[in-house]
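All remarks here apply to the structure that follows.
The values are calculated or read from the model by the stated rules, or taken from the named source; none is laboratory data. Quantities reported herein were computed from a predicted structural model and do not represent experimental measurements. Cβ: placed from backbone, ideal geometry, glycine included. Neighbour counts: every protein chain shown.
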Amino acid sequence: MSDGAAKITNKDGRTAELPILSGTHGPDVVDVRGLRKETGLFTYDPGFASTASCKSAITFIDGDEGILLHRGYPIEQLAEHSNYLEVSYLLMYGELPNQQQREQFEHTISRHTMVHENIRTFLGGFRYDAHPMAMLVGTVGAMSSFYHDSTDINNPQHREISAQRLIAKMPTLAAYCYARYTGRPLLYPDNSLSYVENFTRMMFGVPAEEYTPNPVVTSALELIMILHADHEQNASTSTVRLTGSSGANPFASIAAGIASLWGPAHGGANEAVINMLDAILYSGETIEQTIARAKDKSDPFRLMGFGHRVYKNFDPRAKLIQKMCHDLLADLGGDQPLFELAMELEKATLADEYFIERRLYPNVDFYSGIILRALDIPMNMFTVMFAISRNVGWISHWMEMHEDREFRIGRPQQIYVGAPRRDYPA
Ligand code: SDX
């Protein structure tokens, strides 16, 4: 929807009248598609902090108000009333499922949880100490070589079955990567269990014994997975869109998203938060010294779990997770000193001018690591947990992009600051 125009005039006096577009919620945007044709000018926006790359109906974030909506539903309400598979259906199809749709979706997902036997062999090719994220990136990419019956990305049915396969198999692949890392047997999925229970059984179960899911662990993981499912055009989702925009198959596109998520500035932050808190606990460094390091421009150290490109207020997910931290540690015990240190660090930063001025608040990763540790999830699986959950966000955006009439291959411009044209020395 267009509402008004912005004018930009170049050095030669050529002016572009650029339409201003409005969405359902959120700031208006200047549509700069005509800028180059009218004035020869480009825009410059490293990190795309002020640039909308697409129109999307999946998620909306208001960073100033700390609001997160999935298809219009507030994350707080989904966290209280829904579960991960229902949120997955909502993200993929745009509406909450009715009873029949929910049962059908759950049945379909449960019928795709197994993986080709060769993937089990493929995993054996990794070094014994390969990080589970390295194995997951490789294994999901390798899935492209198994499904020749559904690789026509222009066929909506092929796109849907690929999405369902990815949602169904990600927990199996994730658990297998961990099993390989620990030398444990790879358990086949048990479809009599729920989606999350099935994952915890493949992670922690052994063939020699019956596995009884722990309801406290299951409900905590269910919440963690709901809270990490989607988050607009974050780095990994933008990576999936850019990869998919060239026509790459869904498995290759999701593998690219997993690779991007691994970075400590993004999904790798939950593991980095725990490493940071451990280091503070055991180094004897005071919180004041840690915060001073985080503020020191000559020190690359940043406070892991703080700050966000969009949230300039509390990350609503962090609030939900903080409450669960309290409940869980009361239930399961777990790393009380780590949690208490986290609370002290949060209190100190919220009172510190540097953080206040830059509106740096605890983000979802600040607390998720503490919960995952309390759930006995191994640290090198923290980002894998994030990937299992974000998988549905990635694939929903990949599907939305292919249904978007304005979709084009992504190809950003640049400002060239290199050497001027010169001739090869005679
Ligand atoms: C996730 O995009 C998403 O939605 C991501 C995510 C999702 O669900 O997909 O929400 C998940 O990735 C959460 C973020 C997890 N990462 C971390 O916790 C790592 C620590 N945080 C920082 O690396 C940083 O805050 C980012 C990467 C999250 C945001 O970086 P920006 O938006 O580019 O911020 P910036 O670098 O422009 O920082 C602005 C200022 C700078 O200082 P000045 O130059 O103004 O003096 O704030 C400072 C930064 O130095 N700053 C920090 C800081 N984060 C920013 N200083 C100390 N510690 C920090 N954590």
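Structure data summary
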{"read-out": "Test: residue in segment 356-365 that is loosely packed, with under 15 Cβ neighbours inside 10 Å and assigned to a loop (DSSP other than H, G, I, E, B)", "value": "yes"}
{"read-out": "Output for segment 262-271, where each listed residue is surrounded by fewer than 24 Cβ atoms within 10 Å (Cβ to Cβ) and near the ligand (Cβ under 7 Å from one of its atoms)", "value": "264, 265, 266"}
{"read-out": "Enumeration of residues in segment 243-261 that are farther than 22 Å from residue 160 by Cβ and more than 9 Å from the ligand (Cβ to nearest atom)", "value": "259, 260"}
{"read-out": "Residues being under 18 Å from residue 348 (Cβ atoms) and within 7 Å of the ligand (Cβ to nearest atom) - total across segment 290-314", "value": "8"}
{"read-out": "Some residue of segment 401-422 being under 27 Å from residue 57 (Cβ atoms), assigned to a helix (DSSP H, G or I) and under 23 Å from the mean Cα position of the chain (by Cα)", "value": "yes"}
{"read-out": "Extreme residue, farthest from the ligand (Cβ to nearest atom), among residues of segment 34-83 that are on the phi > 0 side of the Ramachandran plot and not in a loop (DSSP other than H, G, I, E, B)", "value": "48"}
{"read-out": "Filter result for the condition that a residue is under 23 Å from the mean Cα position of the chain (by Cα), under 20 Å from residue 85 (Cα atoms) and either outside any helix (DSSP H, G or I) or touching a residue at least 60 places away in the same chain (Cβ under 8 Å) (or both), over 144, 162", "value": "162"}
{"read-out": "Answer residue from segment 36-66, given it is out of contact with any Leu (no Cβ under 8 Å at 6 or more places or on another chain) and of a type in the set (A, V, I, L, M, F, W, C) and is farthest from residue 235 (Cα to Cα) among those", "value": "57"}
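One line per residue, one yes/no per condition, for (1) assigned to a helix (DSSP H, G or I); (2) out of contact with any Gly (no Cβ under 8 Å at 6 or more places or on another chain); (3) modelled with pLDDT of 95 or more; (4) crowded, with 18+ Cβ neighbours inside 10 Å:
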site	(1), (2), (3), (4)
152	no, yes, no, no
158	yes, yes, yes, no
178	yes, yes, no, yes
184	no, yes, no, no
190	no, yes, yes, no
202	yes, yes, yes, yes
